[in-house]
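Here's the structure we're looking at; comments come further down.
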Amino acid sequence: MIRLFVLFLPLVASQSISGWVESPGYPRGYPDEAKFDWKRCAPSGHTLSLTLIHLDMEDSDECQNDALEISNDEGKLVSLCGQKSYEELQSSVNPSLRSSPSGCLMLSFHSDYSNTQRHSGFRAFYTVQDVDECADLDNRCTQFCGNYIGGYRCFCRPGYYLDTDDHTCTVNCSVNLSGSTLGTVSSPGWPDSYAEYAQCSYTLSVDDGLQLVLEFTGNFDIQEGEEGECIDSLKVKTPSREFGPFCGQKPPPSPLLTGSHQVTILFSTDGTGTNTGFTITYKTTAKTCPSIVTSNSSLTPQLPQYRYGDKVNVMCDLGYALDTSQVGNEILSHKEFVSWCQRTGVWSPVFHCEPVDCGNPDVPVGGPLQLVNHNPSTTYKDEIRFQCESKYYRLDRDEKYFCDAEGNWRSESGHATFPKCETVCGKTENEISSFSRILGGQEAQPGEIPWQLWFYSRRGGGSLINDRWAVTAAHVVDGYEESTLRIYGGLVQAKGAYGIEQRGVKPEDAMKTNPGLVVLYSQKILIHPQYQRGLTDVERLNFDNDIALIKLKSRVNLGPTILPICLPEKKEGLSMENKVGTVSGWGLNEGGVLSRKLLHTNIVGYPHSDCSDTPTHLSKLMKMIFTENMFCAGEQGHDSCKGDSGGPFFIPRLGSGNKESKGPYRLYGIVSWGAECKDKGYYTKVENYLDWIKETIEKEESEE
């Protein structure tokens, strides 16, 4: 930067540019307890200086008595007292007594009451001086700086102009070359060093059927940083893309096919370096079409270059398909269409290949199966996971599902169907250790037998086997209206249910005093087809196939007091001999009274030969028929009885928890019939009906 000296008009005459300042009474001496303050400010572009020519004051430690303090806008400059010669003032004090540019000087003098001799005080001369801004390296003039009284101005060399910031000298290198199909573009100053602070723009535009081709010729030299970053830069921009930035001494690959009939060459520099720049020769050629028609697709045939009139088949990539809303004769399938290269270098028509969307998973609303993420992404390769609504359910398959290329949800192992939430069966939340019986049995505690159901109107029991199905004895529900059967779960005391049945108490009111009470309603009753229906107790000699399924109107809200029991595992010919289990119900107790409390007892399975010796039907003096679909069990003084029909016989025995078996509680028998309620009762053998139960439930649920 070069400094110039320029003469401008002086300060306005009304402004005082110099003067004297002195202590009170000078030179005769200042009085005791005197105080004097003074302040002057410099005009814009100036500084204010103060020159002390005389100092005679009382001397004291750190000038505590009499003192002269001088400061500027930035703080205190000096604190003086005692006597100093003119020479001392000139050498050690006066050089520092200056304001900042356009700033102020302040002076404060005071004396105390203790002066024992006369002191003349101080006298100083102030003056306003012009600031030489051009001497300040931060003035930001990039070429020439001219100082004048009160300010400065920047100037430029011939060929440059001052930018709008009034400090930067730059060149006019924005050129519109539209219409020219052949020519050369060079950096300003080529082949010498290019101009600093240049912002060059060269605009090229030709017929829309042509594309501009750029070739870099001669030396290429654009300033580059030590780490390869561009300090100065060259860019080539088209309406659809940008090439660069380029810098260094290695030119970009040539020729550069821009693919466009409109190109802007942008060149920007800073104020450092002596690099020489670039030269570009431009010409035109016919436009070619890009090797991609639309994203996520491939072309057939594959050619190095596509020219005007070329035809291609466009196939969407795996997992992508054409938007079904798009139509046209060019669409060959949901994944393929035909396109032609136009003279303007674009493909037409163009249809977009969108990711295949598997859609929201079809999960029943209100069911136990839920998505881990309730608003998942559903396009190709997105994944989902499932969970069950509560701890009372578990997934039959816990694995991720992915949206496949055909738009279907598929699991990691290849399943195309979603998992199911199976009820957790045969578990209780309150494993209470006890040994009990119905005849002389012990009362069940809340949640101890959570699968136990009770039918007041039929005076019998049943077992919940999942959240929509229950099982009981066929004779308990034979002839009953399916839609009116009321079932109670979660009960250990029937008081609440009695109130509903006998006194018209609403179920919701009964639940307030019986928190465990759950009222269920049947939707459909399915009695085993080979059970002899419609017989009276007098007529019946056969309780074979004494089993029925009850489909509930709605899904049970499972909880601590109502949970399903597991069905037995299928083991052909399983003998119940010596198997110890538990039977429970609200039937007759040892006093011959129907119990209002749920009782349970442990009993043992008898040998087959003992079961075959069946009791005699009193009305016909004929023995009841025993079949392979039954077993008998009991213990002296321990038995099921009238009113317990349909209730469960389960293993392991209650009170052992699952210590006797690694598995859960399983329903092996249904209370079916007996004689004296003393030591032997007959039970429907559930294992023999596993296939019928499974097939019946699947058929009913498939018809919903």
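The values are calculated or read from the model by the stated rules, or taken from the named source; none is laboratory data. Since this is a predicted model, take the numbers as computed values, not measurements. Because the Cβ atoms are built from the backbone with ideal geometry, glycine has one as well, and the counts that use them run over all protein chains shown.
Looking at the stretch 53-136, what strands (runs of 3 or more DSSP E) fall wholly within it and have at least 2 residues that are under 60 Å from the mean Cα position of the chain (by Cα) and assigned by TED's automatic domain parsing to the domain that holds LYS35? In the stretch 53-136, the matching strands (runs of 3 or more DSSP E) lie at 75-80. Meeting the requirement of 2 or more residues that are without any contact (Cβ under 8 Å) to a residue 40 or more places away in the chain and surrounded by 13 or more Cβ atoms within 10 Å (Cβ to Cβ), the strands (runs of 3 or more DSSP E) wholly within the stretch 304-353 are 311-316, 331-333, 336-341. Here is the figure for the stretch 383-403: residues that are surrounded by fewer than 17 Cβ atoms within 10 Å (Cβ to Cβ) and either touching a helix residue (DSSP H, G or I) at 6+ places or on another chain (Cβ under 7 Å) or touching a residue at least 24 places away in the same chain (Cβ under 8 Å) (or both) total 5.
Can you confirm whether the stretch 203-214 contains a residue that is surrounded by fewer than 16 Cβ atoms within 10 Å (Cβ to Cβ) and either more than 20 Å from THR258 (Cα to Cα) or free of Cβ contacts under 8 Å to residues at least 40 places away in the same chain (or both)?
Checked the stretch 203-214: no residue is surrounded by fewer than 16 Cβ atoms within 10 Å (Cβ to Cβ) and either more than 20 Å from THR258 (Cα to Cα) or free of Cβ contacts under 8 Å to residues at least 40 places away in the same chain (or both).
Could you tell me whether the stretch 205-223 includes any residue that is in a loop (DSSP other than H, G, I, E, B) and in contact with a Gly (Cβ under 6 Å, 6 or more places away or on another chain)? For the stretch 205-223, residues in a loop (DSSP other than H, G, I, E, B) and in contact with a Gly (Cβ under 6 Å, 6 or more places away or on another chain): present.
Can you work out which of the residues in the stretch 226-247 that are of a type in the set (A, V, I, L, M, F, W, C) and part of a loop (DSSP other than H, G, I, E, B) is nearest to the chain's Cα centre (by Cα)? Walk me through how you get there before you give the answer.
In the first step, residues of the stretch 226-247 are kept if they are of a type in the set (A, V, I, L, M, F, W, C); the result is 230-231, 234, 236, 243, 246-247.
Next, only the ones that are part of a loop (DSSP other than H, G, I, E, B) stay: 231, 247.
Numbers: ILE231: 40, CYS247: 42 Å.
My answer is ILE231.
With respect to being closer than 30 Å to ASN147 by Cα and over 60 Å from the mean Cα position of the chain (by Cα), ALA42 fits the description.
Screening GLN387 against (1) in a loop (DSSP other than H, G, I, E, B); (2) touching a strand residue (DSSP E or B) at 6+ places or on another chain (Cβ under 8 Å) leaves a single unmet condition, (1).
Per-residue answers, yes or no, for (1) more than 25 Å from ILE625 (Cβ to Cβ); (2) at pLDDT 90 or above; (3) not assigned by TED's automatic domain parsing to the domain that holds TYR689:
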{"residue": "LEU541", "(1), (2), (3)": "no, no, no"}
{"residue": "ASP546", "(1), (2), (3)": "no, yes, no"}
{"residue": "GLU572", "(1), (2), (3)": "no, no, no"}
{"residue": "GLY581", "(1), (2), (3)": "no, yes, no"}
{"residue": "GLY587", "(1), (2), (3)": "no, no, no"}
{"residue": "LEU598", "(1), (2), (3)": "yes, no, no"}
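Here PRO361 clears all of (1) of a type outside the set (Gly, Ala, Ser); (2) under 22 Å from GLU406 (Cα atoms); (3) in a strand (DSSP E or B) except the condition numbered (3). Within the stretch 538-549, the set of residues being out of contact with any helix residue (DSSP H, G or I) (no Cβ under 9 Å at 6 or more places or on another chain) and not in a strand (DSSP E or B) comprises VAL538, GLU539, LEU541, ASP544.
Would it be correct to say that TYR282 is of a type in the set (Ser, Thr, Tyr), crowded, with 20+ Cβ neighbours inside 10 Å and farther than 30 Å from ALA405 by Cα?
Numbers: of a type in the set (Ser, Thr, Tyr): yes; crowded, with 20+ Cβ neighbours inside 10 Å: yes; farther than 30 Å from ALA405 by Cα: yes.
The answer is yes for TYR282.
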